[in-house]
1. Given the pairs 37/153; 56/202; 56/121; 47/114; 32/152, which span a C-alpha to C-alpha distance of over 30 angstrom in this model?
2. Mind ordering 121-127, 81-87 by average Cβ neighbours within 10 Å, highest first?
3. Can you list the equivalent-ellipsoid semi-axes of the stretch 157-217, largest first and in whole Å, using the square root of 5 times each Cα gyration tensor eigenvalue?
4. Using alpha-carbon pairs under 8 Å, 6+ residues apart, how would you state the relative contact order of the chain in percent?
5. Under 8 Å for C-alpha pairs, at least 6 residues apart: give me the relative contact order for the stretch 84-190, rounded to a whole percent.
6. Could you state the angle between the C-alpha long axis of helix 52-65 and the longest principal axis of the C-alpha atoms of the chain, as a value from 0 to 90 degrees rounded to the nearest 10?
7. Provide the gained length on full extension for the span residue 198 to residue 15, in nm with one decimal, where the gain is 0.36 nm per separating residue minus the Cα-Cα distance.
8. Enumerate the amide H contacts of residue 157 below 5 Å, restricted to partners 5 or more residues apart or on another chain; note that Pro and chain-start residues carry no placed amide H.
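Bear in mind that the values in this text are calculations on the coordinates, not laboratory data. Keep in mind it's a predicted model, so treat the numbers as computed, not measured. Methodologically, a virtual Cβ is constructed for each residue, glycine included, from the backbone with ideal geometry; neighbour enumeration extends over all protein chains shown.
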Amino acid sequence: MTQEQSPFWANELKKMGALRIHDGNPRRPHAKLTSGKCSNGFFNGSKVIENPGRLKEICTLILANNLNDLVQKESNRIRIDRVVGSAFGAITMAHVMASLLKAKTGFTEDPDQKKERMELKRFSVAGEKVLAVEDVVTTGDTTRKTIAGLEKKGAKVLPVIVTLVNRSDMTDTDGRKIIAFIDHPMPEWEPSECPLCKQGSKPLRPKGNWDALNADY
Ligand SMILES: [Zn+2]
């Protein structure tokens, strides 16, 4: 995203209830994540994908701003046969991206709910050039599993991955450049080690406490 677009869109996502970054004011509560850890930021992808028009607008901007990374050197043009995300969070984004690229779509899924691997069960991708997308990159673990699932079925996965929000401090994962709409590291801490807790800020689950997180302090 360009520098002019970045603050505008960070604010738009905040208005949608999707993105919250702590401003450092200790009177303001901070995010307690599902894992129980604390963070200075929070992203809820569902608040974006429930608005198809906005999601399409965002995906259009991502493509427009990153053409150089998506053009294949050997052919000097964009050739993406399919866009694949992981179930459930990235299915909708993959669908919208595929629609814009006039490509096919698909998704990987956790076959046994053990969070060990992601499998491509419903689509044939052998020999296809595939772009992997993710709603949010936290550790990159789900994306790595999705790519492994795609390669197992013979896909040629592009050397970039596209995400709405990169909340890790990584710029790439396994040599694949991370293209993010919002690129903002949001560290996670055990409550006992959380600098915001130490300053007296209260940890709150963002869902249900959005107004408290966004009030004037
Ligand atoms: Zn904390």
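1. Values: 37/153 36 Å; 56/202 36 Å; 56/121 26 Å; 47/114 26 Å; 32/152 36 Å.
37/153; 56/202; 32/152, as the Cα separations exceed 30 Å there.
2. On the way: 121-127: 13.0, 81-87: 23.1.
The packing order, highest mean first, is 81-87, 121-127.
3. Details: eigenvalues 189, 47, 15 Å².
Its equivalent ellipsoid spans semi-axes of 31, 15, 9 Å.
4. On the way: 396 pairs, mean separation 52.0, N = 217.
It comes to 24 percent, rounded to a whole number.
5. Values: 210 pairs, mean separation 23.5, N = 107.
Over the stretch 84-190, the number comes to 22 percent.
6. Here the helix axis deviates by roughly 70 degrees.
7. Numbers: separation 183, 0.36 × 183 = 65.88 nm, distance 2.83 nm.
Extra length from residue 198 to residue 15 when fully extended: 63.0 nm.
8. 130
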